[in-house]
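The values are calculated or read from the model by the stated rules, or taken from the named source; none is laboratory data. Since the structure is predicted, the reported quantities are computational estimates derived from the model, not experimental observations. As a convention, Cβ positions derive from the backbone with ideal geometry for all residues, glycine included, and neighbour counts pool all protein chains shown.
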Amino acid sequence: MGNKAWKWADGLKVAALPGMIAALYMALVYAPTERTMGPVQRIFYLHVPLAWVSFLAFFVVFCGGILYLRTRDLRWDGVALSSAEVGVLFCTLMLVTGSIWAKAAWGTWWLWGDPRLTTTLVLWLIYLGYLMLRALSEEERAARVAAVFGIVGFLDVPVVFFSIRWWHSIHGQIITSEGMNLEPEMVRTLWVCLFAFTLLYGCLLFHRIMLERARYLTLRMGKEVL
C-alpha cells in the first residue's frame, strides 16, 4: 500500500483521538440527563455508534465479498475478512452495552421475545460463523465460501434495523417521520459520537488490512521458496 494510503491512515488517527475525546466529553458532560432513565441513558451514546459501526463493517464485508467473487483478487477478500473481525468486535460491545442498559431500564439482561435483540444476536452469530469458516478451511476455498456467507449474512442488517417497525418491540424508535425524539443537545452529541466511532473503525480497519496483507505476502513468499 502506497504512501498516500499511509497519509490517509495518519490523518484518520489524528482525527480519531480528539474525536473520541470530544465524544466522551459530550456524552458524559454536555448532553443533558434524560428525565426518565437518568444517568444510565448516557450509555445510549456508546451503544448506538457501536451498532452503526457494526452495520458499516458488515456492509464492507458484503462489498468485499462481491468484489472478490467477481475478480478473485485476494486483496478484496482481505478487506472483507479484516472488516468482519472489526465488525464482530463492535457488535460484541454493542450486545454487552445493550444488556447493561436493558438491566438498568427493564430490570433484565435479555428479552428473548424482543425482535431487535433476537435479530442482533443472529447477526453476531452469522459473522462469528464467518470467522470460524475462515479458520477451518483451506485459504482460497474458505475465501469463496466466506464471501457467499458474508453476502447472504448482510441481509440480516436491514432486518435488525427495521425490526422495531415490523414487529412489536420494547425498543423505542429514535427516528420517526417527524425527526429524532431527542433534545437538540442529545442530537448533537449523538452525531459527534457517530462520527468519532466511524473514524475509530477506519483506523482499526486500515491496520487490520495491513496485517492481513503482510500475512498474505509472507505465505506467498514461502510458497515461492518451496
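Under the condition of being hydrophobic (A, V, I, L, M, F, W, C) and not in a helix (DSSP H, G or I), the residues counted in segment 180-197 number 2. No other residue among ALA142, ALA146 is surrounded by 15 or more Cβ atoms within 10 Å (Cβ to Cβ), touching a residue at least 12 places away in the same chain (Cβ under 8 Å) and part of a helix (DSSP H, G or I) apart from ALA146. Restricting attention to segment 46-82 and to residues that are touching a Lys or Arg at 6+ places or on another chain (Cβ under 8 Å) and closer than 14 Å to ARG208 by Cβ, the residue that is surrounded by the most Cβ atoms within 10 Å (Cβ to Cβ) turns out to be LEU81. Restricting segment 18-45 to residues that are surrounded by fewer than 14 Cβ atoms within 10 Å (Cβ to Cβ) and closer than 19 Å to GLY202 by Cβ, the residue that is modelled with the lowest pLDDT is PRO18. Taking every residue in segment 156-167 that is under 9 Å from THR119 (Cβ atoms) and pairing it with any residue that is at pLDDT below 90, at least 6 positions away or on another chain, the pairs with Cβ-Cβ distances below 7 Å are VAL160/ARG116; SER163/PRO115; SER163/ARG116; SER163/SER169. Whether a residue is surrounded by 21 or more Cβ atoms within 10 Å (Cβ to Cβ) and either within 25 Å of THR36 (Cβ to Cβ) or among the charged types (D, E, K, R) (or both) was assessed, and THR108 does not pass this test. Of all residues in segment 99-127, those that are within 14 Å of the chain's Cα centre (by Cα) and either in contact (Cβ under 8 Å) with a residue 40 or more places away in the chain or not in a helix (DSSP H, G or I) (or both) total 3. For segment 8-63, a tally of residues being without any contact (Cβ under 8 Å) to a residue 60 or more places away in the chain, in contact with a helix residue (DSSP H, G or I) (Cβ under 7 Å, 6 or more places away or on another chain) and over 19 Å from THR97 (Cβ atoms) returns 0.
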